[in-house]
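S.K.: Please read through the structure below; I'll follow up with questions.
Read-outs throughout are calculated quantities, based only on the coordinates presented, and are distinct from any laboratory measurement. Nothing here was measured: the structure is a model prediction, and the numbers come from that model. Counting neighbours? That spans all protein chains shown, and the Cβs are built from the backbone with ideal geometry, glycine included.
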Amino acid sequence: MGKRILTIVFATLMAMVTFTACSDNDEPRNDTRTGEKQADQLIDQLILNIAQMCVDEKNGEFYLPVSSKDEAYRFCESLTGEKWDGKNRTVTLADAYGTVMLKAGSVEGLYGTVIFRDVRHLDDMTLHLADPEFIKNDNYGIDQFVNISVIGTCTNPKCKYVYTKNAAGVGYMPSGYKCDKCGSKLNVTTSWGGR
């Protein structure tokens, strides 16, 4: 009887060891990020760099000063999470979260252009990555550059809409400090004295 119980206990332990030793790490992992995570990464990078950005108020295009082509490529990689070799390409975000087009610079001092289309939580926009001297030298006949700053962000993790103002204080903040995209409370990041 004692041997029989010992055999049953041993068999049970062996079965437990067999099942716990088997794991799914032999199968290839699906490391694909969701569209929401991709959009979050993209927006986080834009917010981190918004203080350096300028906007041409005439055409609404943004400019980010970068010191080199390599820095422009690294910035694009931080947006998309994918390596960029400087050639024109389109990155489609997962789950129909929009597209990010990367275009090579076409003139000296302009290292690249990033075009955001239908990216959730972000208005369509064009961002040029250019040498600071290129921006200062009025290479595009730009009427007026203005710096922009964040004045508020939506606290809803599914929305995360960002409200901004330019250096002259012109911007938009919804009444009641509620996001007009989803109705959630806004986190006001600066004093709002806008027009």
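S.K.: Among the listed pairs K37/K69; K158/K181; K37/K160; K83/K158; K158/K178; K58/K136, which have their C-alpha atoms separated by more than 22 angstrom in this model?
M.R.: The pairs that break the limit, which is 22 Å between Cα atoms, are K37/K69; K83/K158.
S.K.: Describe numerically, in nm with one decimal, the distance between label points set 7 Å from Cα along Cα→Cβ at A51 and at T92.
M.R.: Here the answer is 3.8 nm between the modelled labels.
S.K.: What is the set of long-range amide H partners of I151 at a cut-off below 5 Å, with H atoms built 1.01 Å from backbone N?
M.R.: Sorted by chain and number, the residues that satisfy this are Y163, T164, K165.
S.K.: Another question, then. Starting from the amide H of E61, placed 1.01 Å from N in the peptide plane, find each other amide H under 5 Å away whose residue is 5 or more places distant or on another chain.
M.R.: Answer set, sorted by chain and number: D56.
S.K.: Something else: Under 5 Å between amide H atoms, partner at least 5 residues away or on a different chain: which partners does V66 have, H built in plane at 1.01 Å?
M.R.: HN-HN under 5 Å from V66: A130, D131.
S.K.: Let me ask another. Taking the beta-carbon count within 10 Å as an exposure proxy, list E77, E108 from fewest neighbours to most.
M.R.: Ascending Cβ contact count within 10 Å gives the list E108, E77.
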